[in-house]
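Here's the structure we're looking at; comments come further down.
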Amino acid sequence: MINEKIQNVLNAQINKEFYSAYLYLAMSAHFDEIGLYGFSNWTKVQAKEEVDHGMILFDFIIERNGKVELSQIDVPETILGSPLEIFEKIYEHEKYVTGSINCVASMSDEECDLASRNFIDWYIAEQVEEERNAYDIILKLKMFGDDKAALYQIDKELKKREYNQHNYK
Ligand code: OFO
């Protein structure tokens, strides 16, 4: 059975993953409103992945005979700014989530909960990818974002992102 301290941080992490989904959905709606449909697609796909992240935690707590406790999801901030500013926010947010995942890992070590420690490794690797994906788009936007034709090309590229369900096992 999972210990209570780890159960609490995993439940808190579920909330953070679903908040992330809300945040990306708010961004997706904003990009739709201004006609950047590729950016909208990219952030919508990301929102679905965040739901997967939350559900993997949900299933793990149950698998460990623990108790899932869902809490209120905050309303995401109003999304304003250029695509570059929004992706800088995404990068900051993902760095925050990485910090939170790292805390779950070190707490699992402290509590000698090796099953949770092993489980959270998947998230540690996932966060490397999440940060890199956002950073990669920031680099493109910094290089070409002021040029409307280039922005149109980046938007077309982001339209190609497809959702693939994330599974832990
Ligand atoms: Fe779940 O990784 Fe982003 O927030």
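The values are calculated or read from the model by the stated rules, or taken from the named source; none is laboratory data. None of the values given here were measured: they were computed from a predicted structure. FYI the Cβ positions are ideal-geometry reconstructions off the backbone, even for glycines, and counts take in every protein chain you see. Areas reflect the complete protein model, heavy atoms only, side chains present, ligands, DNA and RNA absent. Shrake-Rupley method; radii C 1.70, N 1.55, O 1.52, S 1.80 Å.
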Those GluC sites (Glu not before Pro) in segment 55-141 that DSSP places in a loop and that have at most 16 other beta carbons within 10 Å: 69, 77, 111
Descending packing, highest mean Cβ count within 10 Å first, for 140-149, 47-56 is 47-56, 140-149
Hey, got the dipole for the chain? About the Cα centre, +1 on K and R Cβ, -1 on D and E Cβ, debye to the nearest 20? 380
Show which aspartates and glutamates lie in cross-link reach of residue 67 when reach means a straight Cα distance below 14 angstrom and same-chain residues fewer than eight apart are skipped. 4, 59
What is the extension gain from residue 4 to residue 62, computed as 0.36 nm multiplied by their sequence separation minus the C-alpha to C-alpha distance, in nm to one decimal? 19.6 nm
Name the residue farthest towards the positive end of the dipole of the chain from the options 108, 137, 35, assuming +1 on Cβ of Lys and Arg, -1 on Cβ of Asp and Glu, about the Cα centre. 35
18, 39, ranked by accessible area, largest first (probe 1.4 Å): 18, 39
On the formula 1/(1 + (r/R0)^6), with r taken between the Cβ atoms of residue 69 and residue 121 and R0 of 25 Å, the FRET efficiency rounded to 0.05 is 0.60
Residues meeting the amide H criterion for residue 161 (H placed from the backbone, H to H distance under 5 Å, 5 or more places apart or on another chain) are none
For residue 82 and residue 143, calculate 0.36 nm times their separation in residues minus their Cα-Cα distance, and state this gained length in nm to one decimal. 20.6 nm
For the cross-link pairs 16/89; 44/160; 16/160; 44/89; 89/148; 5/48, which exceed 24 Å when the distance is taken from alpha carbon to alpha carbon? 16/160; 5/48
With T = 25 °C, eta = 0.890 mPa s and Kirkwood Rh from C-alpha pairs, the Stokes-Einstein D of the chain in µm²/s is about 146
As a test question: what accessible area, to the nearest 10 Å², does residue 42 have when a 1.4 Å probe is rolled over all protein chains in place? 20
What figure, in Å² to the nearest 10, do you get for the accessible area of residue 132 with a 1.4 Å probe and non-protein molecules left out? 120
Restricting to Cα pairs under 8 Å and 6 or more apart, the percent relative contact order of the chain works out to 32
So if we plug the beta-carbon distance of residue 150 and residue 32 into 1/(1 + (r/R0)^6) with R0 = 25 Å, what FRET efficiency do we get, rounded to 0.05? 0.75
Could you pull out which residues in segment 96-114 have an amide N less than 18 Å from a spot 7 Å beyond the Cα of residue 161, following the Cα-Cβ vector? 96-98
